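Written below as C-alpha cells is the structure these notes are about.
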Amino acid sequence: MLLPPTYGSHVTDSTKFTVLSVEIWDTGLVVNIQMASEGGPQPNIILQDHFGTEYRLKNSAILGSRNLQVFTPSVPPGTRSLTVRSADDTDRPVVTFAVPLMAVKDEPDVAAARRFPPEPELRRPA
C-alpha cells in the first residue's frame, strides 16, 4: 500500500518521520519509513489492526534516511484496516488505511494428486 507523501507524516518534539508504504506479505508486514535525516534515530512505531491485534517488530534495517521495519504475523483474513502509531504519542494515529481484500488460498487439489498416469508436464526444449 503506497501512501501519498503528506498522508503518513508524524512530527513531535522528539521525532519526525513519514510512513511511505506498508507491504502486506504472507509472512508479515513491511513498513517503509522516511526519517527526518540520515543517521537519525529509528522511529519506534506500533502497528495495530481493527481487531486490536498489535504486531511485533521482528527486524529492522536503516538505509541512509530510510528505515524498513518488519512486523509479524501477517494480517488474518477479514482484516479491514491497519493503524500506525508512534510510541511517543500513542493517542494520535500517524496513519490508518484500508487493507485490500486478500485472496484466500485454495485447498490442495487432492483428486488431481491421485490421478494416474499424471498429466504431462510441458517443458521448453533444451
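Tabulated results
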{"read-out": "Computed log₁₀ I(q)/I(0) - Debye formula, equal Cα scatterers, no solvent, the range 9-100, q 0.17, 0.20 Å⁻¹", "value": "-0.67, -0.93"}
{"read-out": "Distant-in-sequence amide H partners of Val95 (H built 1.01 Å from N, under 5 Å)", "value": "Val84"}
{"read-out": "Inter-label distance, nm, simple model (7 Å from Cα along the C-beta direction), Leu63/Lys16", "value": "2.4"}
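All of the numbers you see were taken from the coordinates with simple rules; none came from a lab. These figures come from a predicted structure and were not determined experimentally. In this analysis, Cβ positions are derived from the backbone assuming ideal geometry, glycine residues included, and neighbour counts consider all displayed protein chains.
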